[in-house]
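In what follows, a single structure is set out as structure tokens and then discussed.
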Amino acid sequence: MCYLPKLLSCVKNDKQLFMKKDLNFTVGLTSTQIKDLKKQALNESLIYEQKREYFLTESGEKYLLQNPVISWCNDEYPKRPEVNLEYLKLDKAPPTLTRAIRLLAKHLLENEELKENSTEHFLVRELLCSCSACKEVQKGIENYLLIYNPNNNLSLASLYQKFMDKPYGLTKSIISLLLLDVLVRNKDILAIYENRQFQLKLDPLMFDRMIYVPQNFEIKKTIMEELPIIEELSKVILPCKSKNILDLTKGLIYFIRNLDKYTLNTERLSKSTIRLRNTILNAKDPISLFYRDIPKILCNKILCQCDKELAESFDNAIKELQDCYAKLIEELNEFLFNSFNATERKNLAERFEIIQEYICEDELKILYNNIKDLNSSDALWIERIATFINKSRVPKDWSNNDVAYFKVKVKDLSLKFKTIEATAGDSSPITTDLQMLINQIKELNELQRKTVLKEVING
């Protein structure tokens, strides 16, 4: 496409054109394009310079008369707005525009500073300012998202297709930028789905994917009727109470996903809490999650039928999940002490120290090294012991099988420890009654003797 007429038209309207800081925005072309066109116009005597000001020559006036600037708007696309930035009109966005769109997304979504007179700054002036020629089109995109088909997810690909077709005839770049602004302004009521999976946060990387594979994305308006119970539920999971169902859903999913692996996988919870956890992990629709799924699990009702009973049940389930790992640590700690007939860390460490010269098994030696560490917190102390016994994973990553293995292994180690402890202690004279008891034990088979020994040690 020849942009020479546009450059000549701009020179005609402003003799100081090439001194303007926003030259690229005024002409609507890149620096390289302007440089090449200026050189061409000078070589062909279409413009001339006088004291750093530029004017059209007679040849330039004649050229412009014979080659007028052609409007982007036409009868075929009556709703197409007039756009000045020429690279926005291209079916395939050039690399400079692609980069600018990404930077603008970072500005709108993450508050990154916008460099003045940059391409991304020009995009804001062209498309998103209050006097933009694209205001009506942007309103059309917003209405399409918020009003069209409100009860179902709206395919992003269908939105692109609608505004690329007649009567609009927009390019993908323009639609993407107008869409970005609409999404940012309505982020509290628009839920975004990628491959039918609800997405917690719109960020620049996700928006990049939305542009290049819109067929993978759907958008849905999430405004619900105001129900007092929503605010009650929000008190449990959010730092500040909210009536917004999308805020509540995001807060809940963030909470669940930040739980440790053990809590996310264990079945050692109440049935309703397990169902709630799994439902949230697999949630696809924030409206259905709170309007139908959670109330059905906790109260066997739908949201509009629920009262404080739901809030109380929800609070109990969340607290059960919050406390799950702490209860595991408490259980492991208690089991260890019970198995070794101990009540405190210091006492157990002292008992190990007394018999350490008799310990020949590596596992007991390593256990002793962990037990004698009296400077760490109680939680860290048992976590280190549990990790050693498991031989690989920390308790936060355990499964129910790991808990069972821990208990079996602790029992085994405690039995070995108490056997050494009993053997290494001071011997007492053997009375007649004691000798008779020893003779009776010798007459038992091996399994029976082990059972008696176990009972004596654990007694």
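Projecting the Cα atoms of Ala311, Tyr193, Ile385 onto the dipole axis of the chain, where Lys and Arg carry +1 and Asp and Glu carry -1 at the beta carbon, places Tyr193 farthest toward the positive end. Based on every Cα atom in the chain, Rg and the maximum pairwise Cα distance Dmax equal 37.1, 135 Å.
In a DSSP loop and with at most 10 other Cβ atoms within 10 Å, there are no chymotrypsin sites (Phe, Trp or Tyr not before Pro) in the range 357-400.
Summarised as an ellipsoid, the range 1-135 has semi-axes of 29, 19, 13 Å, derived from the eigenvalues of the Cα gyration tensor scaled by 5 and square-rooted, with the largest first.
Rounded to the nearest 20 debye, the dipole size of the chain about its Cα centre is 1260 debye, using +1 on the Cβ of Lys and Arg and -1 on the Cβ of Asp and Glu. Mean projection of the Cα convex hull over all viewing directions, computed for the range 340-425: 5.5 nm².
With all pairs of different C-alpha atoms in the average, the Kirkwood value for the hydrodynamic radius of the range 4-66 is 11.5 Å. Working note: Karplus 6.51/-1.76/1.60 with θ = phi - 60° gives the range 368-385 the couplings 4, 4, 6, 5, 6, 6, 9, 8, 6, 5, 4, 5, 5, 4, 6, 5, 5, 5 Hz, where Gly and Pro are set to x.
Please report, largest first and rounded to whole Å, the three semi-axes of the ellipsoid equivalent to the range 86-221, where each semi-axis is the square root of five times an eigenvalue of the C-alpha gyration tensor.
Values: eigenvalues 99, 59, 41 Å².
Three semi-axes, in Å: 22, 17, 14.
Stretching the chain fully between Lys201 and Ser118 yields a gain of 27.2 nm (0.36 nm per residue, less the alpha carbon separation).
Hey, got a sec? Which trypsin sites (Lys or Arg not before Pro) in the range 36-134 land in a DSSP loop and have at most 10 other Cβ atoms within 10 Å?
Values: sites: Lys38, Lys39, Lys51, Arg52, Lys62, Lys79, Lys89, Lys92, Arg99, Arg102, Lys106, Lys115, Arg125; in loops: Lys51, Arg52, Lys79, Lys92, Lys115.
Within the range 36-134, the qualifying trypsin sites (Lys or Arg not before Pro) (loop, at most 10 other Cβ atoms within 10 Å) are Lys51, Arg52, Lys92.
For the range 228-322, the alpha carbon positions stretch 34, 25, 23 Å along the principal axes, listed from largest to smallest. Ratio of Rg to Rh for the range 57-121: 1.14 [Cα atoms; Kirkwood radius as inverse mean 1/r over pairs].
Counting only other residues whose beta carbon sits under 14 Å from that of Leu128, what net charge do I get with K and R as +1, D and E as -1? Don't skip to the answer; put the middle values down first.
Details: positive: Arg125, Lys135, Lys139, Arg185; negative: Glu120, Glu126, Glu136, Glu142, Asp181.
Value of the local net charge: -1.
Ordering Ser59, Asn265, Leu170 by the projection of their Cα atoms onto the charge dipole of the chain, which places +1 on the Cβ of Lys and Arg and -1 on the Cβ of Asp and Glu, puts Ser59 at the extreme positive end.
Over every Cα atom in the range 172-221, the radius of gyration and the widest Cα-Cα span, Dmax, amount to 10.1, 27 Å.
Rule-based calculations on the coordinates, nothing more; no lab input. Quantities reported herein were computed from a predicted structural model and do not represent experimental measurements. Glycine also receives a Cβ, built like all others from the backbone with ideal geometry; neighbour counts cover every protein chain displayed.
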